[in-house]
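**Q** The structure's right below; bear with me while I get my questions together.
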Ligand code: HEC
Ligand code: HEC
């Protein structure tokens, strides 16, 4: 409601609400006043099926009482809580305020627990069974939809258990990946490489780097073309963790294995994003999460 530039619609809605409430009471008063008596025997004079007569008794007291209570409840509610146009209500209650209070209460409850982890070294947190259980739960709820419940990832989503890192596997690298997110960008390289035959050759050269099955004649022809790739993937193809360019020599493939997958990368490029999680978690939570992720490849904690 507060989005409106004038107060007209707010007053319009409030007006309809107040009018409806008043109309309810008016209707009750009117139905008590109105006399539909046409005969003198306390009937309305309507007769059906020979002898079925409509009596003209007043509304039962309990029903009238309930009706008035309902209307009063509505009025009191609208006074205390938001409901009348943009009027915020006497109590100032909002659903957002309630949520914020509940989140703050929850955070306060777990704060001592996280304080304990904050005083421990990163590796000790990774080894702590309680921290591991918390990290695992946070991971299941927030990360598993992309990285898998076993953290082994899938096509486009890195495996976090294999000690092969796009951006580095040191605690501070993992913390940064989680907090700020990551955007891996492989540009469209087809034009820089040359003809589609050149692309096929360079793809075979890439395959040769990991000892994967390849056509060695094509690989030799493709080798000089790899110069345009080496700016990011390194002259030896071992990648560059500062920009998340994958190691192409380890036979671990984020975007699929084989000649066709590599040609596809060169021809179409790729933008792959890990959304930043910094706003969702406290620093202490991210440290526990990172320790959990770190433990998967360093302590053999991955199942
Ligand atoms: C500007 C930097 C850059 C250049 C130049 C570049 N790449 Fe990449 N490449 C990347 C990044 C970053 C990724 C990872 C994308 C992601 O995060 O998913 C990638 C991914 C790949 C992959 C997928 C690896 C996997 O594990 O599935 C292949 C294959 C690849 N590049 C081959 C090449 C080849 C061949 C060239 C040269 C023709 C090249 N790249 C040039 C940055 C680059
Ligand atoms: C919406 C999907 C998505 C969610 C949710 C997500 N990630 Fe990621 N994550 C990715 C993608 C995609 C990448 C790879 C980015 C790239 O290719 O540059 C990635 C990369 C990472 C990396 C870097 C891996 C490396 O090899 O350097 C870490 C660590 C990571 N994620 C941890 C997490 C954690 C912990 C969570 C939960 C708090 C999480 N991710 C939630 C999609 C996601």
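**Q** Report the rotationally averaged projected area of the stretch 8-80 based on its alpha-carbon convex hull, in square nanometres. Before the final figure, lay out the partial values.
**A** Numbers: hull surface 28.9 nm².
Computed as one quarter of the Cα hull surface, the answer is 7.2 nm².
**Q** Once the principal axes of the Cα atoms of the stretch 165-265 are found, what is the range along each, listed largest first in whole angstroms?
**A** 44, 26, 22
**Q** Here's something else I'd like to know. Quick one: order 161, 70 by neighbouring beta-carbon count within 10 Å, fewest to most.
**A** Working: 161 21, 70 12.
If I rank by nearby Cβ atoms, fewest first, I get 70, 161.
**Q** Could you work out how far helix 8-33 tilts from the main Cα principal axis of the chain, as a 0 to 90 degree angle to the nearest 10?
**A** 30
**Q** Helix-derived [θ] at 222 nm for the chain: sum -39500 (n - 2.57) over DSSP H runs of at least 4, divide by residue count, nearest 500?
**A** Working: 13 runs with 162 residues, N = 303.
That comes out to -17000 deg cm²/dmol.
**Q** Please work out the Cα center distance from the stretch 256-303 to the stretch 123-139, rounded to the nearest Å.
**A** With the stretch 256-303 and the stretch 123-139 each reduced to a Cα centre, they are spaced 18 Å.
**Q** If you fit an axis through the alpha-carbon atoms of helix 61-80 and take the longest principal axis of the Cα set of the chain, what angle between them do you get, 0 to 90°, nearest 10?
**A** With rounding to tens, the tilt is 40 degrees.
**Q** Rounded if a/c is under 1.5, else prolate if a/b beats b/c, else oblate: with a ≥ b ≥ c from the C-alpha gyration tensor eigenvalues square-rooted, which is the stretch 206-264?
**A** On the way: a/c = 1.84, a/b = 1.25, b/c = 1.48.
The shape class here is oblate.
**Q** Once the Cα atoms of helix 95-118 and of the chain are each reduced to a long axis, what angle between those two axes, in degrees from 0 to 90 to the nearest 10, is obtained?
**A** Helix 95-118 sits at roughly 40 degrees to that axis.
**Q** Compute the distribution of all C-alpha to C-alpha distances in the chain, in bins of 20 Å from 0, and list the percent of pairs in each, rounded to whole numbers.
**A** Once binned at 20 Å, the Cα pair distances of the chain give 23, 28, 22, 16, 10, 1.
**Q** Please work out the FRET efficiency for the pair residue 223 and residue 100, using the Cβ-Cβ distance as r and a Förster radius of 51 Å; give the result to the nearest 0.05.
**A** Working: r = 59 Å, r/R0 = 1.16.
Using R0 = 51 Å, I get an efficiency of 0.30.
**Q** Beta carbons within 10 angstrom, averaged per residue: use that to sort the peptides 132-138, 227-233, 267-273, highest first.
**A** Numbers: 132-138: 18.3, 227-233: 16.1, 267-273: 12.7.
My ranking of the peptides, most packed first, is 132-138, 227-233, 267-273.
**Q** Further question on the same structure: If one computes the Cα centroid of the stretch 193-216 and of the stretch 83-121, what distance in Å separates the two points?
**A** Answer, in whole Å: 56.
Any read-out appearing in this document is the output of simple, stated calculations on the displayed coordinates, not a laboratory observation. Predicted model, so just to flag it, every value in this text is computed and none were measured. Don't worry about glycine lacking a Cβ; one is built from the backbone with ideal geometry, like all the others, and counts go over all protein chains shown.
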